[in-house]
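Undergrad: Sharing a structure with you now.
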Amino acid sequence: MNIFIPLVIGAILGCLFKNKIKVDLNRLMSVTLLMLVFFMGVEAGKVEINAINLFVASFTFAVLTMLGSLFFAVLLGGRLR
Amino acid sequence: MIFLHLVLASLFIGFLVGKYTTVQFGSLYEIMLYLLIFIIGLDLGRSTRTEELKKLGKMALILPLATVIGSLLGGLLASFLLNIPIKWALGISAGFGWYSLTGPLLAQYSAIYGVIGFLANLTREILTILFYPLAIKKIPKELAVSIGGTTTMDSTLPIIVKFGGKEITIVAFVHGLILTAIAPFLIPIILQL
């Protein structure tokens with residue numbers, strides 16, 4: 001199934017029933033997320049992983065995306081100040 | 001912070017189950033993913049506030065745009081440094097710190113890139129908490145918000161407000177809100193390229 005379908009259906013329903021949704025969405029999202037992360041861990045456990053490589057890759061992505069964002073924020077946003 | 005520990009514990013327990021047992025969960029992963037995406041959509045539709053965008057003017061659009069361009073270019077650079085295919089690198093960086101969305105979306109296609117997507121975006125959140133207070137010593141505080149990506153509307157907002165001041169609240173919230181609306185669409189588009 002395309003990922004957009006549940007997203008768009010959810011967004012439309014959320015807009016339509018803005019004030020009628022009484023369910024605690026945060027709690028529901030937290031439970032779903034914990035289960036999803038568990039299943040993700042199961043899938044990752046089935047393949048060989050080098051923990052150091054994984055750490056280096058994650059850290060590199062985090063640092064470079066942050067620095068890139070900051071650079072463009074200063075470049076584009078600095079003119080508006 | 002407690003929830004963050006629960007998330008990491010879930011990942012670790014799942015990893016142990018996958019590595020040391022032969023238990024099969026069938027299509028539960030996909031069901032959970034679609035349920036999570038549906039709830040995210042529901043929450044987005046429910047909480048979109050256009051009046052807050054109007055208050056900020058151009059900065060409301062420029063700052064998230066800078067974060068999108070900067071994150072994607074940062075991801076591109078990481079793909080060259082780490083020798084990771086560009087599609088996956090852009091997918092990882094398009095999470096903008098939203099680890100709970102990026103990890104599962106990427107894991108649909110590749111377990112390894114799913115875990116990298118998860119950890120990279122989780123690291124971005126943690127580094128924002130650690131470095132926002134330092135970054136604003138050199139960089140204007142509203143521009144430094146960009147390092148937090150989507151997390152600036154929830155998990156890193158308290159740190160940003162504590163160190164950047166109350167006047168930064170709306171900028172940070174709207175920045176995170178716009179990126180939160182973009183990420184669920186941008187990641188699948190990149191993955192389908």
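Undergrad: When ligands, DNA and RNA are left out and all protein chains stay put, how many square angstrom of accessible area per residue does chain B have with a 1.4 Å probe?
TA: Accessible area per residue, chain B: 44 Å².
Undergrad: Please identify the DSSP H helices in chain A that span no less than 20 Å along the helix axis (Cα) and have a mean Kyte-Doolittle hydropathy of 0.0 or more. Could the numbers behind the result be given before it?
TA: Details: long enough: A:25-45 (29 Å, 1.47); A:51-72 (32 Å, 1.93).
Long hydrophobic helices here: A:25-45, A:51-72.
Undergrad: Determine which lysines satisfy two conditions relative to B:Lys58: a Cα distance under 17 Å, and not lying fewer than 8 residues away in the same chain.
TA: B:Lys141
Undergrad: Roughly how many Å is it from the Cα centre of the range B:153-173 to that of the range B:1-48, as a whole number?
TA: Using only Cα atoms, the two centres lie 28 Å from each other.
Undergrad: Something else about it: Once the piece of chain linking A:Ile9 and A:Asn50 is laid out straight, how much longer is it, given 0.36 nm per residue of separation minus the C-alpha distance between them?
TA: Details: separation 41, 0.36 × 41 = 14.76 nm, distance 3.89 nm.
The A:Ile9-A:Asn50 span can extend by a further 10.9 nm.
Undergrad: Most mobile of A:Ala51, A:Ala11, A:Ala62 per a Gaussian network model of chain A (Cα springs, under 10 Å)?
TA: Highest fluctuation among the options: A:Ala11.
Undergrad: Can you show me the helix-derived [θ] at 222 nm for chain B, built from DSSP H runs with n ≥ 4 at -39,500 (n - 2.57) apiece and divided by the number of residues, rounded to the nearest 500.
TA: Details: 10 runs with 147 residues, N = 193.
So the calculated ellipticity at 222 nm is -25000 deg cm²/dmol.
Undergrad: Another one. Going through the DSSP H helices of chain B, which span 18 Å or more along their own axis at the Cα atoms while scoring at least 0.0 as a mean Kyte-Doolittle hydropathy? Could the numbers behind the result be given before it?
TA: Working: long enough: B:2-20 (27 Å, 1.93); B:28-47 (28 Å, 1.49); B:59-82 (33 Å, 2.18); B:111-135 (34 Å, 1.37); B:169-191 (33 Å, 2.32).
Correct list, ordered by number: B:2-20, B:28-47, B:59-82, B:111-135, B:169-191.
Undergrad: Tell me what chain A gives for mean residue ellipticity at 222 nm when only DSSP H runs of n ≥ 4 count, each as -39,500 (n - 2.57), the sum divided by the residue total, rounded to 500 deg cm²/dmol.
TA: The helix contribution divided over chain A gives -23500 deg cm²/dmol.
Undergrad: Still on this model: For the range A:46-81 and the range B:70-140, what is the separation of their C-alpha centers, rounded to whole Å?
TA: Result: 5 Å between the Cα centres.
Undergrad: Roughly speaking, what is the stretch gain from B:Phe80 to B:Ser27, that is 0.36 nm per residue apart minus the C-alpha to C-alpha distance, in nm to one decimal?
TA: 15.6 nm
Undergrad: Hand me the trypsin sites (Lys or Arg not before Pro) from the range B:132-193 located in a DSSP loop with no more than 13 other Cβ atoms within 10 Å, in residue order please.
TA: Sparse-neighbourhood loop trypsin sites (Lys or Arg not before Pro): B:Lys137, B:Lys138.
Undergrad: While we're looking at this one, here's another question. Only Cα pairs within less than 10 Å get springs; with that Gaussian network setup on chain B, which residue of B:Leu82, B:Leu90, B:Leu35 has the largest fluctuation?
TA: B:Leu82
Undergrad: Right, another one. Let me make sure I get this right: for the protein assembly as shown, a, b and c are the square roots of the gyration tensor eigenvalues over alpha carbons, sorted descending. Under 1.5 in a/c it's rounded, otherwise prolate if a/b > b/c, else oblate. Which is it?
TA: Oblate.
Undergrad: Under 15 Å from the Cβ of B:Gly165, count the other residues' Cβ atoms, weight Lys and Arg +1, Asp and Glu -1, and hand me the total.
TA: +2
Undergrad: Hey, another quick one. Students often forget the sequence filter, so: which lysines lie under 24 Å Cα-Cα from B:Lys87 once same-chain residues fewer than 8 apart are removed?
TA: Here the lysines satisfying the reach criterion relative to B:Lys87 are A:Lys46.
Undergrad: Another one. Quick one: with all protein chains in place, what share of the accessible area of the range B:59-193 is carbon or sulfur, to the nearest percent (1.4 Å probe)?
TA: Here it works out to 72 percent.
Undergrad: Under 1.5 on a/c is rounded, so check that first for chain A, then, if it is not, pick prolate when a/b is larger than b/c and oblate when it is not; a ≥ b ≥ c are the square roots of the alpha carbon gyration tensor eigenvalues.
TA: Oblate, because a/c is 1.5 or more while a/b does not exceed b/c.
Undergrad: Let me ask something else. Tell me: how much accessible area in total is hidden between B and A, 1.4 Å probe, Å², nearest 100?
TA: Values: alone 11490 and 8030 Å², together 13030 Å².
Approximately 6500 Å², summed over both chains.
The values are calculated or read from the model by the stated rules, or taken from the named source; none is laboratory data. Worth saying up front: this structure is predicted, and the values here are computed from it rather than measured. As a convention, Cβ positions derive from the backbone with ideal geometry for all residues, glycine included, and neighbour counts pool all protein chains shown. The area values use the complete protein model at the heavy-atom level, side chains included, leaving out ligands, DNA and RNA. Shrake-Rupley method; radii C 1.70, N 1.55, O 1.52, S 1.80 Å.
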